[in-house]
Structures are given as C-alpha cells and as structure tokens.
Amino acid sequence: QITVGQYLLRFLLAKWAGAFVMGLWVMLAALVAKRAAAGWIGALALPLAMYGVRAAIPATSHLNVIKYANLVSLLQTNELLGNYRNLFWFGTPIGLPFVEWTAAVFYGALFAAAFCTVFARAQLLPAAKRGLVLGLTHQTKATSIIKEEGRKLFVLNGAAVFLAAFLAFGVYQGVTSESYIDADEIYYAYYMKHISGPWTAESRDWLTAQGEEFAPMLAVQRRVARGELSNEAMLAYGALQQKYNIYQQVVQNNINYYLKEHPGAWLVYESGYKKLFGLSGTANVQDTLWAGLLCALCFSGLFAMERKGGMESVLRATPLGRRATVRAKLWQSNLAAIVIAAGTALPHLWQGLRDYGLPALLAPAMSISELEAVPKCITLSDLLLFWLLCRAVACLCMARLTLWLGQKLGSLLAALFVSAVGYCLPALLALSGMSNGIEWLGFYPLFHAAALCQTQGTSAAGAPYNLMWVPIFLVVAAAALAWAIGDDLTEAYEWAGVNLEGL
C-alpha cells in the first residue's frame, strides 16, 4: 500500500532510469561511430532488438526473465509498478521489480564503463573501420545539385535509414494488426457488401430473396406466440435469430429510415471507412507522434551541417549555388515528407482493405450516418483524398519548420530538440493519459481531419453540423506557412553576402 505521491515518485524514478540507461547507450554508439548515420543505426539497433525479444517470448514462458530483463520493459512503468508478477528463475519464483531493477543497474553499469573506457583511452579508430563501410570502391563522377542535396539528406543525415526503418515498421504493423470482427459484423458485411451502392430494384429483389431464409423460423415464432409450441422450439434457431437481427437492422435502420431521411444517400458498408478515418481510438495521435519524430530526425541537420562545416559561406558565394541549392534541398525534403505521410497512411489503408473493404468509393460521404452533415457533392473518394492531402501537408509543414530551425539555429541538436518537443510532446502526453485535449496543440488536427467531418451535434434549427472547416482552414494555413518558409530560406541565401549599401 503506497500513497499517490509515492507512486508518482517511483514512476518518475523508473522513467528517469530507463531514459538514463538508454542515453548511455546512445552516447556510446555515437562515440564509437564515425558517421552520424552509423551512430543512429547503432543507437536504434539495441532497443529494436530488445523489443523483438520482448514480443517473441510469452509472459508464461520459462524464459520470461529474459523477456522482462531489458530496457523496453523498464519503460513500461505501469507494468512495473502496477502489477504483481513472479517470473521463472530455474524453478524458483522471482519478483518482476527485482528483475527489472537489476537489469537497469547491469545495463547502466555496462554502458557507463564502456563509454568511459572508450572516451578515456581516446580510441579514435580510422574512418574505414568505424564508419558504414559498404565494400564499394568510391569513384568520382559528375553529379548535379539535386543529386548532391539528396545525398546529404538521405545518406549523410541518415534520412534513408530512418525512412526505411519506419516503412518496415509500418509494413509489419499493417500485416500483424488484427481487427475484432464478431458474428454480427460478419453478417452485416455480407448484406451490405452485396447492396452497397444506389438503392435499386435489383438490390431490393436480392434482399427480399435473402429474407426468405427466415420464413421457417418466423413461422415457428408465430406458433410459439399463439401458444401452439413451447419456447424450447426456438432453441434450434439460435444462430439464425442472430442473423435475422442483423437483417432487420439493415432493412429498418439503413433502408427504411436513413435512406428516406437523407435523399441522395447510397447504401455503404461503412465499417472500413470508420476504421480508416479514425472515428474512434488513438491511431491518429500515434501517427502524429511518429511523423513529428521522423521530421525532426530527418531534416534538422540539412542546413545545420553546412553552417558547422563552413560550407554555407562557400555555397552562398557561387552564383548558381545560392538559389539552386536551397531549391534542391526543398525538393528533396518534399519527397521525404511525402514518404513519411504515406508511411502513416498506408498501414491503415491496408488494414481497412484487408479486413473490411472499401466499397462504393463514389458514394456521397453523407451516406454514412456519422458523416450526415457533409455536403452531398463530396464523395467518399474525395474524403479519402482529403485525408491523404492533410497528412501530406502536415508532414511538409513540419519538414519546412525543421529546416528553418536548422538554418536559423545552426545546430543539429538544437533544431532536433526544439522540433521534436514541439511536434511530439502534445501527442506523447495524450498517449500517456492526459485527457484534456492537449494533442490539439500540435499537428494532430490535420492527421485527424477526416474524423472532424463527422457530425458534432445539431444547431438550434435542428440541422446537423460538423467541424469540417477546421481541417480546411488548417491545411490552407499549413500550406501557406510551408510556402512562406521556403521563400524565406531561398531569399536568405539569395541576399547573403550582398552589400546593400553599395547598390
């Protein structure tokens, strides 16, 4: 039995211990590596390996000590402090906190000793031994500004590694994710997928023919109501009764009610669209967090590396290098930002298509009851493209902001810290349980754009309304901000070194 204050103290201590030990490993990887990309790969390799070990070993396995004796488990603070669990240690039960705290002390001492040893002995190995050696002979060949800036972004700054790891994680997440589909959903999908589209005579005839399946059950039900049969006679129709309830839901709610109340609406199997657009859950918050972190990692050093190495003055002195260099950086950054946006969207799109399907893409969006306030001229395909556009613009704006911070601050670490905190902290706090809407302070509204189109309530006149104007305003503002930042960066290089007094 502990107080709330004691729990908070242990909570912060556990978080600090996990971050401290992880920081020791990151410093060790950065010290040993020659190139920044190699350091990032080494820093990420250990946490990913530990995460794989934790995911592969079941909690009831005889190897569950290995499962929990790693840094990833130490970061699961509520699991460490909130659950009482004994682990298997050669036939002897051993407490979970003892295992994880011992692992933290061991890893911390190991990494600290290794870091101090390498640092104190000044073992600065040759670049060929410490860098990322691909075994390829470097040959000098002609290049262009756009290719060179791409090499700086994707190779020297390690953006290719981050993007590859993120896309691989997205593919793994999309393939392994599971959707809970019960019997009611299976029956509902069966009916709605067949009649998705405009309500026609062909759809009506098919649905009527499907209703004939329930004739024997309804006849027995009427006989039971008249007292001719006992209630036990309905037990044989238990599964069919469940299917009949879904059939009645489709006929009464979707057709007799919603289509009559909303002229112009189509019949749509909406479960996949609800899952894709994030009308519930925290998937959009997670996407905001990942996209913000990637933008901070990929773009914070693109301008800062030239300021630190003195190449900024050289590039500004060349007539072609001033404006053309910045434009090349912006084009390469645009490409990487689009890849990040696609990486946040494709896993959801794959899961929706695989588990539910997205029928009737040309149907009016207001065919879905949650989107009844959307204008009739907007189709589900339009809403899908708008969902993708908002994510692309959000990532583009975050990329430009990070580039601007790197150019103004002139330091990779400063730009990385400021941008990561600005993009990720609101989403991280929201995922940690802060439920006061703090995620809305960042770029979350653009990632949550399609969900804002759902009906929020009714006006005084009784008409439904939504907040669709919010993402429209934000996407325009974000696009304008991205353009303004690009123009500012271009002009800063264009006029650098020009003596205005002599003009």
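Things worth noting here:
- Filter pass, Phe447 being under 18 Å from Trp404 (Cα atoms), assigned by TED's automatic domain parsing to the domain that holds Ala304, within 28 Å of the chain's Cα centre (by Cα) and at pLDDT 80 or above: no
- Residue, nearest to Lys34 (Cα to Cα), within the stretch 102-125, restricted to residues that are without any contact (Cβ under 8 Å) to a residue 60 or more places away in the chain and surrounded by 14 or more Cβ atoms within 10 Å (Cβ to Cβ): Leu110
- Test: residue in the stretch 25-35 that is more than 25 Å from Ala164 (Cα to Cα) and either among the β-branched types (Val, Ile, Thr) or in a helix (DSSP H, G or I) (or both): no
- Any hit, the stretch 183-200, residues being out of contact with any Phe, Trp or Tyr (no Cβ under 7 Å at 6 or more places or on another chain), without any contact (Cβ under 8 Å) to a residue 40 or more places away in the chain and among the polar types (S, T, N, Q): yes
- Scanning the stretch 61-117 for residues being assigned to a loop (DSSP other than H, G, I, E, B) and over 23 Å from Leu431 (Cβ atoms) gives a total of 8.
- All positions within the stretch 158-188 that are in contact with a helix residue (DSSP H, G or I) (Cβ under 7 Å, 6 or more places away or on another chain), more than 22 Å from Asp287 (Cβ to Cβ) and part of a helix (DSSP H, G or I): Ala183, Asp184, Glu185, Tyr187, Tyr188
- Condition met for Ser271 (of a type in the set (Ser, Thr, Tyr) and touching an Asp or Glu at 6+ places or on another chain (Cβ under 8 Å)): yes
- Residue list for the stretch 354-391, filter: touching a residue at least 60 places away in the same chain (Cβ under 8 Å), farther than 24 Å from Ile186 by Cα and charged (D, E, K, R): Glu372, Lys376, Arg391
- Any hit, the stretch 324-338, residues being touching a residue at least 40 places away in the same chain (Cβ under 8 Å), more than 27 Å from Ala492 (Cα to Cα) and in the same structural domain as Ile485 (by TED's automatic domain parsing): no
- Residue selected from the stretch 315-367 under the condition buried (at least 20 other Cβ atoms within 10 Å of the Cβ) and of a type in the set (D, E, K, R), by the criterion modelled with the highest pLDDT: Lys329
- Number of the exception - Arg151 against (1) without any contact (Cβ under 8 Å) to a residue 24 or more places away in the chain; (2) of a type in the set (D, E, K, R); (3) surrounded by fewer than 13 Cβ atoms within 10 Å (Cβ to Cβ): (3)
- Scanning the stretch 227-272 for residues being part of a helix (DSSP H, G or I), within 30 Å of Ile378 (Cβ to Cβ) and among the acidic types (Asp, Glu) gives a total of 1.
- For the stretch 59-108, the set of residues classified as over 33 Å from the mean Cα position of the chain (by Cα) and either of a type in the set (Gly, Ala, Ser) or not assigned by TED's automatic domain parsing to the domain that holds Ala45 (or both) consists of Gly91, Gly95, listed by residue number.
The values are calculated or read from the model by the stated rules, or taken from the named source; none is laboratory data. Nothing here was measured: the structure is a model prediction, and the numbers come from that model. As a convention, Cβ positions derive from the backbone with ideal geometry for all residues, glycine included, and neighbour counts pool all protein chains shown.
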